[in-house]
Amino acid sequence: VIMDVITLFTGLNAERREYQLQALLRPLRERYRYLLIDCPPSLGLLTVNALTAADLLLIPTQCEYFSAHSLNEVLKTVEYVRAHSNPRLTYRLLYRLHQRALHGTLPMLLLMLSDFLQHRAHPRMKLH
């Protein structure tokens, strides 16, 4: 499968380019219970392909100011993918907490993201 992924982007059909990885993984869904797709920390074509093929996105993040801004960009990409190629995509946030984050950064992160999470996120996701 690795070689197929490498050659995947050499002859892309411009109209259906975000579905290429999904088509490649379709036969594997019958053989495996879980397929893990690890993506680079960019929001390019490979990531959009992975999100189109995925059922669940795990988003690891630190409770820091700049991480909140990056997380906002990831959530915008999730919205785009839901609207254009994969309406069933769900996600979960995996917070990495440091002791200092418990005192000031975590509340700030939650405050920054509360509007996005309350109004744009999946209806089943609730901010506590």
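I need the full set of residues from the stretch 28-46 which are over 23 Å from residue 93 (Cβ atoms) and either loosely packed, with under 13 Cβ neighbours inside 10 Å or β-branched (Val, Ile, Thr) (or both), in order please. Steps first, answer last, please.
Pass one, the stretch 28-46, residues over 23 Å from residue 93 (Cβ atoms): 28-33, 45.
Selection gives 28, 30, 31, 32, 33.
Taking the criterion of being assigned to a helix (DSSP H, G or I), of a type outside the set (Phe, Trp, Tyr) and open to solvent by 70 Å² or more (accessible area, probe 1.4 Å), the only residue of the stretch 47-69 that qualifies is 69. Of the residues making up the stretch 62-83, those that are modelled with pLDDT of 90 or more and either hydrophobic (A, V, I, L, M, F, W, C) or in contact with a strand residue (DSSP E or B) (Cβ under 6 Å, 6 or more places away or on another chain) (or both) are 74, 75, 78, 81, 83. Flag: residue 25 does not match the condition of being open to solvent by 30 Å² or more (accessible area, probe 1.4 Å) and either modelled with pLDDT of 85 or more or hydroxyl-bearing (Ser, Thr, Tyr) (or both). Looking only at the stretch 70-82, residues that are open to solvent by 70 Å² or more (accessible area, probe 1.4 Å) and within 23 Å of residue 24 (Cβ to Cβ) come to 1 in all.
Does residue 96 satisfy the criteria of being modelled with pLDDT under 85, loosely packed, with under 15 Cβ neighbours inside 10 Å and charged (D, E, K, R)? Considered against the rule, which asks whether it is modelled with pLDDT under 85, loosely packed, with under 15 Cβ neighbours inside 10 Å and charged (D, E, K, R), residue 96 comes out as yes.
Can you confirm whether the stretch 37-45 contains a residue that is more than 13 Å from the chain's Cα centre (by Cα) and part of a loop (DSSP other than H, G, I, E, B)? No, because not a single residue in the stretch 37-45 is more than 13 Å from the chain's Cα centre (by Cα) and part of a loop (DSSP other than H, G, I, E, B). Among residues that are outside any helix (DSSP H, G or I) and at pLDDT 90 or above, residue 87 is included.
The values are calculated or read from the model by the stated rules, or taken from the named source; none is laboratory data. Treat the numbers as computed from the prediction; the structure is a model and nothing was measured. When we count neighbours, we look across all protein chains shown, and the Cβ atoms used for this are built from the backbone with ideal geometry, even at glycine. Ligands, DNA and RNA are stripped out before the accessible areas are found, and what is left, the full protein with its side chains, is counted by its heavy atoms. Shrake-Rupley method; radii C 1.70, N 1.55, O 1.52, S 1.80 Å.
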